[in-house]
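Throughout, read-outs are computed from the coordinates displayed, never taken from laboratory work. Note that the coordinates shown come from a computational prediction; the quantities given were computed from them, not determined experimentally. Note that each Cβ is placed from the backbone with ideal geometry, even for glycine, and that neighbours are counted across all protein chains shown.
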Protein chains: 2
Amino acid sequence: MTRIFDDPAEFADDQLAGFLDLYADRVRGVHGGVVAHRGDGAPQVAVVIGGGSGHYPAFCGTVGPGMAHGAVVGNIFTSPSAAQAYSVAKAADQGRGVVFSFGNYAGDTINFGIAADRLRAEGIDTRIVVVTDDVASAEEESRRRGIAGDFTVFKAMGAAAARGADLDEVERLGRAANAATRSLGVAFTGCTMPGEDEPLFSVPEGHLGLGLGIHGEPGIRDVPMLPARELAELLVDDVLKHAPAGAPGRVGAILNGLGTTKYEELFLLWRHVAPRLRDAGYEIVDPEVGELVTSLDMGGCSLTLMWLDDELEPLWRADAYTPAYRKTAAPLAALREPTADELAEADAVVTAPAASDAARGLAGTVRAALAAVESTIRSHEHELGRIDAVAGDGDHGRGMLKGITAATARVGELGDDVGGGWVLQQAGQAWAERAGGTSGVLWGAALEALGRHLGDTAATYPAATVTAGAREFATTIQQLGGAQAGDKTLLDALLPFVEELERRVGGGEGLAAAWTAAAATATTAAGATADLRPRIGRARPLAEKSVGTPDAGATSLGLIVTAVADVLTSQKEQT
Amino acid sequence: MTRIFDDPAEFADDQLAGFLDLYADRVRGVHGGVVAHRGDGAPQVAVVIGGGSGHYPAFCGTVGPGMAHGAVVGNIFTSPSAAQAYSVAKAADQGRGVVFSFGNYAGDTINFGIAADRLRAEGIDTRIVVVTDDVASAEEESRRRGIAGDFTVFKAMGAAAARGADLDEVERLGRAANAATRSLGVAFTGCTMPGEDEPLFSVPEGHLGLGLGIHGEPGIRDVPMLPARELAELLVDDVLKHAPAGAPGRVGAILNGLGTTKYEELFLLWRHVAPRLRDAGYEIVDPEVGELVTSLDMGGCSLTLMWLDDELEPLWRADAYTPAYRKTAAPLAALREPTADELAEADAVVTAPAASDAARGLAGTVRAALAAVESTIRSHEHELGRIDAVAGDGDHGRGMLKGITAATARVGELGDDVGGGWVLQQAGQAWAERAGGTSGVLWGAALEALGRHLGDTAATYPAATVTAGAREFATTIQQLGGAQAGDKTLLDALLPFVEELERRVGGGEGLAAAWTAAAATATTAAGATADLRPRIGRARPLAEKSVGTPDAGATSLGLIVTAVADVLTSQKEQT
């Protein structure tokens, strides 16, 4: 829905006033529309485009060097009048004649036609190139509507005019561009006129309208919504089916957003469109993915192809500099692909350090411990979720499972000769990347810190070293999370665990026994705490705590150290 | 709502794959994000930006010459991991150090912080510049969130790096840019995660959320929706209230769309924002109106100002060439304002020709006739609407009234010495411009044709001349509309009128009497026709006719010729 306006009836004029203020350094307003400032070169044939408003960047957004010389701006979805077209053309004319170009709609045809007659009567040679790219609108090419193919035709003529072509040539190339251009669009939602509450048409929820127009004309039929891959297939296959006879193997492409469809969605769709075009044998030249011809707040997109022969290709590739569309070869020409050395350096994965025998032995324990942790988290996932749902959003079990699963998967890819310190570092990185949320970051960073502390060069890993590593683990969480004991976070289980571990190991107890006793302490402590659960990316400050008993984060800490205790005990019994 | 995706959980990765395919000539994908190809100049400090996905063009859309050297791409609205940030920075580093920059969110702070530590440990000097522009998010500057001010800070650092500044200098300028930047945003609608049906928050219909965040954080309070002018005042005044101490009198400005807000709406808002800033004494430097930092499909916008001192201004003005943001001074430098001669020629209003006495006399009759037509259309507006609603959309009376009102207003501006032919031509142009729809075009063009036929040089205007003008009027409508007698259009009343007029005038009858009789014929004929009522801009072909009795277009034709008959009769009686 359109939200920003004063008097809806004045929307088109009001938005144009803002546009003219914004781009006063390159265009000026004249009666009926916009005219680009002239360059300092020779006079050019004036390409004057236009139609109703509501299609930005069409039409005034593509006025400037390399594109159109003027744009006639009608009311929303309404043809400008003949007087408007006449006035803009008169101001845009540089003495070499005028080409009017617009999509094939009755009102535009009449009004630009009247204006052309009037200009000719005054001795200004004026031609008309009508755009007819929409393959869904009619079988007969000359009866088709113009949609995003407007852009390819305007661009071809603007580029031809910029390089000095005469009126006959600009007109001829415009007609050639139109003859080489095909589009098909789909709508997900209708569009709504400023000040109106109801859309001009609607698409049933869960469907898409195939073959929509850009003025609120509904599609030719509604089909169930498709996954991106199938939508890409539909668009590509249908446009290719309408390829011009004898079409060359290169295409310029536009994947055009109609209004409320996001760039990210178009990129996602392009991911499927591009390979399908290449699989069909086409070389894609300078594709454009974004909004070029829109329809107010319509949801949807269209695919336009312009088949490029040797004449059209340089026009499509040419520079242009307009308010909404800017293309300059120079900055890209200065770029270079990275050298092999740079790539090697930049992308180098830090390789595992050589590991001592003891570190390789430690790796076995770490792998077993990670497997046991995954097992216990998996079997407690829903319980952790239920606990979390008391004070949080119930996804603690899911997040922990994603983290430990990513960790064990990464560890599974490592060779047999790595040390336990390296295994822990890799597990931590994988956990942090995949688990999401603050707890994912904290668990990941803490595992990495533990791994770095243990290292892979020691001759032995006595209980005191492991205990100091556990303290490092806890300190990392404290420092990154900014919480302390008593803040009702997982620290309320972790810190008693570490303290008990330190006390027992300091008193000479063996690691397995000390760890088991400390794990019991942690499990008990977990019963009376609440988790630290801000969601990353949201604005809730880290200091904000939820309150609830028992706490999910502390509970999972208890489960994890208990599972590790079992591994340590079992390994001790085996040795 | 997000519509295009395959597996919603893979949305961020999938869209990145499409982005990388599209811009393979200028960026490459690395683990965790995107790195720009290097230029052929000296190595630069690497500006590495990032955050969650869903904000395009932030963040990968602003990677390229003059802006960032790399972008870390997290999941939707989720901080990228430390390993991702590390990996992108490692690939972007050119040996002169790295500046990480991102909006102030807990997860980003933690993850980029960990990555910076890791890079420093490897000998890569790494700095962090956090963006805190959102004045609504906290009183204390350092606690504020980063929203569209991300862009000004990234741009300042990218420009500084591009001109060769060292790491200290890039960091210092980034902090200066952040200290000079303030933003305030409003939301009209919430945003929805891919695959979800419900938005993350919602704004009550008819309201706007003031001080929104860009991750689905609702605004700080909902206020009733404002007209554009008041919305502009709110944004400008509140941002200015938070101006940095000792701020200079020049500002860079961004009026940023958040997702589904259209360019036209932003232009309309800019129309009010710009003068209010100027009234406050500010010079606006290179304003940007469009989408720079979005939030999925959120409706809304934000205003960002960067106060420009002599150090920041050239950075803000500098060239950049990225996928989504391109600025090049050269094409504009080549433009020139039109000369006075060109302006005079282009904008010259064709002046009224010298009028004969008879033509001036005719002008009086035409003015009286137009006034009578306006009066009769005004008093029948609703009746014509009701008739039209049977087969059309009920706006015929409204459209006709807009046309004749515009015509009489234009005529009222003309001097007393113009001829009747000129008055009719001006009336026709005004009618066509303001009435809209095909009937507006036809009435306007037909009046113009009549005016041209009559001209302003004749010594007398006998009945035969006026009758031939009426035929010209009808022929114009036939040719432009492509309809014929019997097609159930206004021609079904107009053609009988002209034929009867021709018959009677040909038989020697006086104009007033002949016209009056012909008007009666037209009114009778109008009772059994249907109008030609396609709406311009819609795809309905001109040949498509609605069926209904009586017809609105023919009815209004009958009313109009009857009103004119009364004027002719009254004038005849006066002479």
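Below is a table of values for the structure above.
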read-out: Other copies of residue A:138: label-to-label distances in nm, shortest first, labels 7 Å along the beta-carbon direction; value: 6.2
read-out: Distant-in-sequence amide H partners of residue A:207 (H built 1.01 Å from N, under 5 Å); value: A:225
read-out: Average beta carbon contacts from partner chains per residue of A:194-200, 10 Å cutoff; value: 1
read-out: Computed Kirkwood radius, in angstrom, where 1/r is averaged over Cα pairs of chain B; value: 28.2 Å
read-out: Order by protection proxy (mean Cβ within 10 Å, highest first), peptides B:14-20, A:553-559; value: A:553-559, B:14-20
read-out: Prolate/oblate/rounded call for segment B:438-528, Cα gyration tensor, a/c under 1.5 rounded; value: oblate
read-out: Residues whose placed amide H lies under 5 Å from that of residue B:193, excluding near-sequence neighbours; value: B:200
read-out: Cα-based equivalent ellipsoid of the protein assembly as shown: semi-axis lengths in Å, sorted from largest, via gyration tensor; value: 68, 29, 26
read-out: Distance in nm between pseudo-label sites at residue B:378 and residue B:351 (7 Å out along the Cβ direction from Cα); value: 3.3 nm
read-out: For residue A:482, label point 7 Å along C-beta direction: distances to other copies, nm; value: 6.7
read-out: Positive minus negative residues near residue B:429 (Lys, Arg vs Asp, Glu; Cβ under 13 Å); value: +1
read-out: For residue B:223, inter-copy label distances in nm, listed shortest first [label point 7 Å out on the Cα-Cβ vector]; value: 4.8
read-out: Calculated FRET efficiency for the pair residue A:471/residue A:409, C-beta based, R₀ 41 Å, to 0.05; value: 0.90
read-out: Ordering of A:260-270, B:241-251 by packing [mean C-beta count within 10 Å, highest first]; value: A:260-270, B:241-251
read-out: Size of electric dipole in segment A:357-574: Cβ of Lys, Arg +1 and of Asp, Glu -1, about Cα centre, debye, nearest 20; value: 400 debye
read-out: Vicinal HN-Hα couplings computed from phi for segment B:260-277 (Karplus, 6.51 cos²θ - 1.76 cosθ + 1.60; Hz; Gly/Pro x); value: 9, 7, 7, 3, 4, 5, 5, 4, 4, 5, 4, 4, 9, 5, 4, x, 5, 5
read-out: On Cα atoms only, tilt of A:357-391 relative to the major axis of chain A in degrees; value: 70 degrees
read-out: Principal axis dimensions, segment B:8-333 - Cα atoms, whole angstrom, descending; value: 53, 47, 40
read-out: Helix B:463-481 vs. chain B, principal-axis angle (Cα, 0 to 90°, nearest 10); value: 40 degrees
read-out: Radius of gyration and Dmax over the Cα atoms of segment B:149-261, both given in Å; value: 17.1, 50
read-out: Peptide A:322-329 - average C-beta neighbours from other chains (10 Å radius); value: 3
read-out: Acute angle (nearest 10 degrees) that the helix A:420-435 long axis makes with the longest principal axis of chain A, alpha-carbon atoms; value: 40 degrees
read-out: Partner chain coverage, peptide B:20-30 - average Cβ within 10 angstrom; value: 4
read-out: Distance in nm between pseudo-label sites at residue B:141 and residue A:10 (7 Å out along the Cβ direction from Cα); value: 3.9 nm
